[in-house]
Structures are given as C-alpha cells and as structure tokens.
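The values are calculated or read from the model by the stated rules, or taken from the named source; none is laboratory data. Not measured: the values here are computed from a predicted model. Using ideal geometry, Cβ is built from the backbone for each residue, glycine included, and neighbour counts are taken over all protein chains shown. What goes into the accessible areas is simple: the full protein's heavy atoms, side chains included, and nothing from ligands, DNA or RNA. Shrake-Rupley method; radii C 1.70, N 1.55, O 1.52, S 1.80 Å.
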Amino acid sequence: MPERDDSERNAVDRGAADPGVALIVGAGPGFSGSVARKLAARGMSIALASRKPKPQEAEAIAARSYAFDAGDAAATARLFAEVERDLGPPSFVMYNPSARVRAPLVDLVPDEVERAIRVTAFGGFLVAQEAVKRMLPLGGGRILLTGATASVKGMPQSAAFAMGKFALRGLAQSMARELQPQGIHTLHVVIDGAIASPARTPASPDAHLDPDAIADAALAALDLPRSAWSWETEVRPWVERF
C-alpha cells in the first residue's frame, strides 16, 4: 500500500467517518460562537461551556451546554468528565475566557489582579491539561487558545490583562513544542483589534474584525498539513496599526 501524503493523513486525523467532539470553553456569540457553528457544520458534536449558559445558542447548533467557572481545577475536571460522559472525549478544545482589570499600576487591587490572571492564563492551563489527557490516547487533537493585542504588547493601565495574555501565549508555545510530535496541534490566535458585535458601532465598517472571518482563519491554520504546522496566527482588520 502506498504511503499516505499529508493531506490524506490529516483527513484521517480529523476523522472522516467520525468528525468527533468539540468543546468550546468560554462560549458566546462572538469568535467562539463562530467557531462552534463552523465545527457543527462539519458534523462535530459540540459542547458549549460558559459561566452563564444560553440554551438558545446551544439549541441552534444542537449543542450541549454546561455551566463552568474558569480557573477552578475541580470544576475543570468535572466539566471534562461530563462532556466525555455525554458526548465522548473531545478531539477539539477551545479556550476563550479572559478577565480584565483596568487601572493605573499603583491602584490595582492584588486580589482582582490574581483573579484576572487565574481566569485568563491559569484556567487555560487547566483546560489544556485535561484536554491533552484525553487527546493522547486518541493519537492527536486540536487545541485553540484565544489571544489578543495584549499577548504581544502591554498597554498602559492594562498590566493584569497583559500578564494573563502573555502567560497564555507562553503556554501555547510550550505546548506546541512538546505535543506537536505526539499529534496534538496547539494554535494561539492573536486577535489584534476589536471584534465586531451588535453592541459596537465602528466609525468604519473596516475598523472591527468579523468573528466569522477570525474563525475561518483559525480553522484554516488548524487544518494545515502537519508537515507545515504553525503554533500561532495573527489577525487584524486591514486598517489596524501594528
């Protein structure tokens, strides 16, 4: 039998017969919602985890919803156990939660900063760890971590957010180097700009990122042949300075 090329192997990895299970942590109507809808269209079973689940969003794509507080080890283990019981072990996991504390450095409240870092970065570690435990026996999987401008550029009065996002980016880079040889593709997406939503009215239609376009870019990067994997992709509206 001839050896499969990268595209054929990737089709096997994605599970042509069984598209698999996707867990979206930090589910909402923006970027994470776009990813969930696109994966559902591929035939994946979808689990949506958020602090305040919205049943109507889950029903729209025949997903299961779970209440979840990011940054808690026991809650994270319980979430994965419930998803595995209901749908099976996830082969795609996205971590989207973050917490912001905006203030001058001298005015930051340490407990609030600790919580922001716990949600933004430590929560990502907890979710990634539980995901990898289940992906290794499957022979591979995909993990998507949501970054921001703050992942690469600390802004004034945004120390807590920058610390959390820098840490999440470091986690992604470390995971990619460790786990890529074992078939687990980690991708960190730097979203450099504001995401469009009904609540935002940009001065120009080009000023904000379309969440569907971000999802297309992220999934395209995760679909790359494994001979040319990337651990990070960066997206911004074309009018954004960088």
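Do we find that ARG78 is assigned to a helix (DSSP H, G or I) and basic (Lys, Arg) in this structure?
Yes, satisfied.
Evaluate region 79-99: report whether one residue or more is modelled with pLDDT under 95 and open to solvent by less than 20 Å² (accessible area, probe 1.4 Å).
Scanning region 79-99, I find at least one residue that is modelled with pLDDT under 95 and open to solvent by less than 20 Å² (accessible area, probe 1.4 Å), so the answer is yes.
Show the residue pairs meeting these rules: Cβ distance below 8 Å; 6+ apart or different chains; first residue within region 72-87 and without any contact (Cβ under 8 Å) to a residue 12 or more places away in the chain; second residue not acidic (Asp, Glu).
Cβ pairs passing all conditions: ALA75/PHE68.
Might you let me know whether region 133-141 holds any residue that is within 17 Å of the chain's Cα centre (by Cα) and more than 26 Å from ASP223 (Cα to Cα)?
No: zero hits.
Going by the conditions given, is ALA60 surrounded by fewer than 22 Cβ atoms within 10 Å (Cβ to Cβ), more than 15 Å from THR146 (Cα to Cα) and touching an Asp or Glu at 6+ places or on another chain (Cβ under 6 Å)?
no
Considering only region 128-163, state which residues are in a helix (DSSP H, G or I), closer than 20 Å to GLY28 by Cβ and not hydrophobic (A, V, I, L, M, F, W, C).
Result: THR149, SER151.
Any chance region 88-100 includes a residue that's over 30 Å from ARG236 (Cβ atoms) and without any contact (Cβ under 8 Å) to a residue 60 or more places away in the chain?
no
Just wondering, is there one or more residues in region 183-190 that are touching a Ser or Thr at 6+ places or on another chain (Cβ under 9 Å), in contact (Cβ under 8 Å) with a residue 24 or more places away in the chain and more than 20 Å from LYS38 (Cβ to Cβ)?
Within region 183-190 (the criterion being touching a Ser or Thr at 6+ places or on another chain (Cβ under 9 Å), in contact (Cβ under 8 Å) with a residue 24 or more places away in the chain and more than 20 Å from LYS38 (Cβ to Cβ)), the answer is no, since none of the residues qualifies.
Is it the case that region 168-191 has a residue that's open to solvent by less than 50 Å² (accessible area, probe 1.4 Å) and out of contact with any strand residue (DSSP E or B) (no Cβ under 8 Å at 6 or more places or on another chain)?
Yes, the conditions are met somewhere in region 168-191.
Tally the residues that are more than 15 Å from ALA63 (Cα to Cα) and in a helix (DSSP H, G or I), restricting the search to region 81-101.
The qualifying residues number 1.
Considering region 207-223 alone, what residues qualify as being open to solvent by 20 Å² or more (accessible area, probe 1.4 Å) and free of Cβ contacts under 8 Å to residues at least 60 places away in the same chain?
ALA207, HIS208, ASP210, ALA213, ALA217, ALA220
Can SER65 be described as small (Gly, Ala, Ser), touching a helix residue (DSSP H, G or I) at 6+ places or on another chain (Cβ under 9 Å) and either closer than 27 Å to GLY193 by Cβ or open to solvent by 90 Å² or more (accessible area, probe 1.4 Å) (or both)?
Taking the combined requirement at face value, the residue does not satisfy it.
Can you run down the residue pairs with Cβ atoms below 7 Å, 6 or more apart or on separate chains, where the first is in region 25-48 and among the charged types (D, E, K, R) and the partner is in a loop (DSSP other than H, G, I, E, B)?
Pairs that qualify, where the first residue is among the charged types (D, E, K, R) and the partner is in a loop (DSSP other than H, G, I, E, B), are ARG37/ILE61; ARG42/PRO19.
Filter region 206-222 down to the residues that are under 13 Å from ILE184 (Cα atoms) and touching a helix residue (DSSP H, G or I) at 6+ places or on another chain (Cβ under 7 Å) and list them by number.
None; the set is empty.
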